[in-house]
Amino acid sequence: MRGFLTRPIGPLAPLGWLIAGVAVLIAVGFLASAWDRMWAWLPWSDERRADRAETRADVAEDRALSAELEAEGQADQVRRIDTYAHQILTIQTETAAASAAARSAPDADTPLDPARADRLRHHDGELCRTAPDLAGCSPALDAP
């Protein structure tokens, strides 16, 4: 029995056939794993198609997100513009009503007392010094 493994059968001994068989199995395994990667670079391969589909899905998702954010921004802008327009209309209406009431007041043509006019002018100047960007503030009133 000892000589069985080393006794030649054809060109190789049984131990040689065993080693050759294991080597062939390992080589087939390497070839099978390399076969998958060998054709992956081709444009029509399944792997490439899957990559392209994934890329298209990512791009579509990004576009949908940007469209959603843009719509939210536009809705916020419309709300702000509506609020601003409403404020302007309210201010114009109230100003027109106050101007009409002031013009039709019984003392509309009566001049102000000079002390009261000076006091109002002083308060107006203080307002302009505090907030120079207010409408109606002249540069001459800003100077101390």
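The values are calculated or read from the model by the stated rules, or taken from the named source; none is laboratory data. Owing to the predicted nature of the structure, the values given are computational and were not obtained by experimental measurement. Cβ coordinates were reconstructed from backbone atoms using ideal geometry, including for glycine residues, and neighbour counts include every protein chain displayed.
Among the candidates 100, 131, 108, single out the residue that is among the small types (Gly, Ala, Ser) and surrounded by 10 or more Cβ atoms within 10 Å (Cβ to Cβ).
Selected residue: 100, the only one of 100, 131, 108 that is among the small types (Gly, Ala, Ser) and surrounded by 10 or more Cβ atoms within 10 Å (Cβ to Cβ).
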Selected residue [part of a helix (DSSP H, G or I), of a type outside the set (Phe, Trp, Tyr) and at pLDDT 95 or above] from 50, 60: 60
Go through the range 86-125 residue by residue and tally those that are assigned to a helix (DSSP H, G or I) and either closer than 18 Å to residue 136 by Cα or aliphatic (A, V, I, L, M) (or both). 22
